[in-house]
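K.L.:
Sharing a structure below in structure tokens format, with a few things to ask.
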Amino acid sequence: MRVLFIDIDTLRPDHMGCYGYSRNTTPNIDKICADGIRFNQYYCADAPCLPSRASLISGMFGIRHGAVGHGGTAADRRFTGKDRGFSDILDRDNFVNIFRKANMHTASISTFAERHSSWWFNAGFSETYNVGKSGNESGEEVLPVALDWIDRNAQKDNWFLHVHLWDPHTPYRAPESFGNPFENVPLDTWIDQKVFDEHLKHVGPHSINEISMYDDKENPNYPRHPGSAKDLVGLKRLIDGYDTGILYADYLVGKMIDRLKDMKLYDDLAIIISSDHGENMGELGIYSEHATADYATCRIPLIIKWNGAAKGYADDGLHCNVDLAPTVAELLNIKPGKNWDGMSFADTVLHKKETGRDSVVISQMAHVCQRSARFGEWLYIRTYHDGFHLFDDEMLFNIADDPYEQNDVKDKFPDICAKGAKIILDWHDDMMKKSAKSSMLSSTVDPLWTVLQEGGPAHTIDALDGYIKRLKETGRSAGAEKLEQKYKK
């Protein structure tokens, strides 16, 4: 069997044609989707980049594996402890080793492990290729490596190849020679002038005034990525840059698929296409960042083309990326890892059966500290550190009616808030009990509190004073005063 895993960083499903986007951003992926299954409600358990892949690879929620942040103690996976053997069971019972146990050769083309000093990501790969730019590379540097590997290995049987493309990730870096394919294509956005005017008043990093996080500086090496947007023309420049990154990644996917089709390998090839997280594009006042535990950041695409599976089918069940390891293990008849938290949805892949969860709990601790419950038509968010956005401690959104999270309805539906809070509480207790019973990763300290104890989310450390000064200089003194009152008194 041959399996290709296409891992496209920062890919929002609703900016893909096969998920309903009007702009033609993913023509090659759309064709693959037509030959497979599209999962409409698939989420990363922990956001953003490092925590998401830690959960994918380990098959465990971040509350247990511990790697939930982008700095400090909680950016490292927890030690196994006294029961660690000659090698760590977490590196043997991981997502990649499923394929090894199925007697497949494993290879990865990715700079992720180096970018985040997360070398556990490479466990199980027989070959790893690193183009050496720590995630700052364009896919034009990845494609030759991928095509070379395909030319040398694809005709062999039994392999798993992981290819990681960063192009939709900030700063948007598709090659200048690719042009702007969307220059004359209207925006497909919910943001009108009234919404935009409100966003101009927003307080918080990565607002429309500070797309670069805490200021509006632009890097001349990345002209697709503006430092701010002052009007809807500037907004179009921003979204064009993101969509061009997606289209360029899709172009690279097309080149790989064309090569495999030339080799007559496509029909029997299994393909998994997914991402680590999405991207806020105005939701909660945030732009060009994966900064929250919400629908925009944590909902991610999943497309699976698998031999013997349904074709052209869309599944609406709730799943998250810790579920992918047990799913693939079942598809390959491999025994699941004893520490995994995921639930297999192999029956959906093979038989279109409903296997979704009743709810999914999603977390973010790199830009904010939030934990959220996604259930039914609702998204309930609890905020422990707002990342200087002045969020309420509780927020509730009806995702069916309000997918862009414009209307917080917690005051209208206290019973729904109570249900969301109980989902999070019950999940938290289940995870803590599971950790307490296990001799592996036996810490019963929620890493959320570790992040808060060490000063808050990594991207907020030592940033408050400078940001308050900028707010005062840019006519948002009221917001500066609220931040001072909240964080300095």
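The values are calculated or read from the model by the stated rules, or taken from the named source; none is laboratory data. It should be emphasised that the depicted structure is a prediction, and the values quoted were computed from it without experimental measurement. Quick reminder, even Gly has a Cβ in these numbers, built from the backbone with ideal geometry, and neighbours come from all protein chains shown.
K.L.:
If you scan region 138-154, which residues turn out to be surrounded by 18 or more Cβ atoms within 10 Å (Cβ to Cβ) and either closer than 25 Å to P171 by Cα or among the hydroxyl-bearing types (S, T, Y) (or both)? Quick ask: steps written out before the conclusion?
P.N.:
Going residue by residue through region 138-154, those that are surrounded by 18 or more Cβ atoms within 10 Å (Cβ to Cβ) are 138-139, 142-143, 146, 149-150, 154.
Scanning region 138-154 gives S138, G139, V142, L143, A146.
K.L.:
Oh, and also: For region 48-101, what are the residues that are touching a residue at least 60 places away in the same chain (Cβ under 8 Å), among the polar types (S, T, N, Q) and more than 27 Å from Q453 (Cα to Cα)?
P.N.:
Within region 48-101, N94 is the sole residue that qualifies.
K.L.:
Within region 337-368, count every residue that is under 18 Å from D426 (Cβ atoms) and in a loop (DSSP other than H, G, I, E, B).
P.N.:
Initially, region 337-368 is screened for residues under 18 Å from D426 (Cβ atoms), giving 341-343, 356-363.
From what is left, the residues that are in a loop (DSSP other than H, G, I, E, B) are 341-343, 356, 358.
So the answer is 5.
K.L.:
Would you confirm whether any residue within region 332-344 is touching a Leu at 6+ places or on another chain (Cβ under 6 Å), of a type outside the set (D, E, K, R), modelled with pLDDT of 95 or more and surrounded by fewer than 21 Cβ atoms within 10 Å (Cβ to Cβ)? Steps first, please.
P.N.:
We begin by selecting, within region 332-344, every residue touching a Leu at 6+ places or on another chain (Cβ under 6 Å); these are none.
So far as region 332-344 goes, no, none of its residues is touching a Leu at 6+ places or on another chain (Cβ under 6 Å), of a type outside the set (D, E, K, R), modelled with pLDDT of 95 or more and surrounded by fewer than 21 Cβ atoms within 10 Å (Cβ to Cβ).
K.L.:
Has region 257-274 got any residue that is within 17 Å of T25 (Cβ to Cβ) and touching a Pro at 6+ places or on another chain (Cβ under 7 Å)? So that I can check it myself, show each step before the final result.
P.N.:
If we filter region 257-274 for residues that are within 17 Å of T25 (Cβ to Cβ), which is where we start, we get 257, 273-274.
From what's left, touching a Pro at 6+ places or on another chain (Cβ under 7 Å): 273-274.
Yes.
K.L.:
Search region 217-246 for residues being among the aliphatic types (A, V, I, L, M) and outside any loop (DSSP other than H, G, I, E, B), and hand back the single one that is surrounded by the most Cβ atoms within 10 Å (Cβ to Cβ).
P.N.:
Filtering region 217-246 for residues among the aliphatic types (A, V, I, L, M) gives 229, 232-233, 235, 238-239, 246.
Applying the additional criterion that residues be outside any loop (DSSP other than H, G, I, E, B) yields 232-233, 235, 238-239, 246.
On the way: L232: 14, V233: 8, L235: 21, L238: 22, I239: 21, I246: 27.
Restricting to residues being among the aliphatic types (A, V, I, L, M) and outside any loop (DSSP other than H, G, I, E, B), the top hit is I246.
K.L.:
Within region 314-329, which residues are assigned to a helix (DSSP H, G or I), out of contact with any Pro (no Cβ under 6 Å at 6 or more places or on another chain) and more than 13 Å from C298 (Cβ to Cβ)? Show your work before the answer.
P.N.:
Looking only at region 314-329, we keep the residues that are assigned to a helix (DSSP H, G or I), and these are 321-329.
Add one more test, that the residue is out of contact with any Pro (no Cβ under 6 Å at 6 or more places or on another chain), and what stays is 321-325, 327-328.
Passing the criteria: D323, L324, A325, T327, V328.
K.L.:
Suppose we filter N153, N103, N130 for residues that are farther than 26 Å from L332 by Cα and of a type in the set (S, T, N, Q); which single one remains?
P.N.:
Values: N153 fails: farther than 26 Å from L332 by Cα; N103 fails: farther than 26 Å from L332 by Cα.
Being farther than 26 Å from L332 by Cα and of a type in the set (S, T, N, Q) holds for just one of N153, N103, N130, which is N130.
K.L.:
Give just the number: which of (1) under 23 Å from R357 (Cα atoms); (2) surrounded by fewer than 18 Cβ atoms within 10 Å (Cβ to Cβ); (3) in contact with a Leu (Cβ under 8 Å, 6 or more places away or on another chain); (4) not basic (K, R) does L390 not satisfy?
P.N.:
The one condition L390 does not meet is (1).
K.L.:
So, in region 79-110, of the ones that are crowded, with 17+ Cβ neighbours inside 10 Å and small (G, A, S), which residue ends up farthest from the chain's Cα centre (by Cα)? Reasoning before the result, please.
P.N.:
Looking only at region 79-110, we keep the residues that are crowded, with 17+ Cβ neighbours inside 10 Å, and these are 80, 88, 90-91, 93-100, 102, 104-110.
Of the ones still in play, those that are also small (G, A, S) are 102, 107-108, 110.
On the way: A102: 27, A107: 22, S108: 18, S110: 16 Å.
Within region 79-110, the match that is farthest from the chain's Cα centre (by Cα) is A102.
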